[in-house]
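The values are calculated or read from the model by the stated rules, or taken from the named source; none is laboratory data. Keep in mind it's a predicted model, so treat the numbers as computed, not measured. Methodologically, a virtual Cβ is constructed for each residue, glycine included, from the backbone with ideal geometry; neighbour enumeration extends over all protein chains shown.
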Amino acid sequence: MPAIGCDCAVCRSSDPRDRRTRPSIVIEANGTSILVDTSPDLRMQALANNLRRVDAILFTHNHADHVFGLDDVRRFNQMQRSAISCYADADTVSSLRRMFSYVFDPPTQVGGGLPQLTLFSIGGPFCLGGMEIVPVPVMHGRLPVLGFRVGSFAYLTDCNHIPDSSWPLLVADGGVRTLIIDALRQRPHSTHFSVSEAVDVVARLGAERAYLTHICHDLPHADTCAQLPRGVELAYDGLVLEIQ
């Protein structure tokens, strides 16, 4: 994503695919809309992509760039006139309760309203809107976080290691054919996959197509994509994928 105060070629690029906001996706199927993470850019992302409904939220972990847009969820509460179910591992649920205590332990003065959320701790696969959601434990440095698999699709952001115990979750039942995976930059990083490391994961999984996400301003979209293996490219804001 562009860096504050930076004049590099990517930060000054006129290619809209280089104007990246923080990682988040929406999964839509069977009339159900599932948001993954509430980034600080949620309001802008929702407006840019005409997002009008959120039936549930999956959280990968508790870092600020993945949860600090939580308050903007209240607009969906207003439109839908219902609370929204949120799913995360137990540590992330505990962190959300602490970080957003004004939501889960509301003060006397509410002001403009509060998000209406119901938190659920997850420890294994569960169903939403007729879809089986499979949490995939991965490592973000020394922090355990969750990726998610839905059918032949998997989303693995903010990770630099896939534990041996998680590979079976990705290769079972025909495996993952479409993958979105963390690839911060070309150089190694202590908590994120590099581009080459992410490409190695794609090859090991045998995914037919893969999209690299959580990209820093070291990676110009067009030039980087030109150097990637067939079927692998950088993700960009507004990308829409159809999954069979």
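Summary of values
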| item | result |
| --- | --- |
| Extreme residue, nearest to VAL26 (Cα to Cα), among residues of region 222-244 that are surrounded by 14 or more Cβ atoms within 10 Å (Cβ to Cβ) and in contact with a Ser or Thr (Cβ under 8 Å, 6 or more places away or on another chain) | ASP237 |
| Positions within region 5-31 being of a type in the set (Val, Ile, Thr) and either touching a Phe, Trp or Tyr at 6+ places or on another chain (Cβ under 9 Å) or outside any loop (DSSP other than H, G, I, E, B) (or both), in sequence order | ILE25, VAL26, ILE27 |
| Any chance LEU51 is of a type outside the set (D, E, K, R), assigned to a strand (DSSP E or B) and either outside the structural domain of ARG142 (by TED's automatic domain parsing) or at pLDDT 95 or above (or both) | no |
| ILE243 of a type in the set (A, V, I, L, M, F, W, C) and closer than 25 Å to SER14 by Cα | no |
| Qualifying positions in region 76-89 - part of a helix (DSSP H, G or I) and within 13 Å of THR38 (Cα to Cα) | PHE76 |
| PRO188 vs. criteria closer than 19 Å to ASP89 by Cβ and either surrounded by fewer than 16 Cβ atoms within 10 Å (Cβ to Cβ) or in the same structural domain as SER39 (by TED's automatic domain parsing) (or both) | no |
| Only one of LEU96, LEU42, LEU70 that is within 30 Å of CYS225 (Cβ to Cβ) and buried (at least 20 other Cβ atoms within 10 Å of the Cβ) | LEU42 |
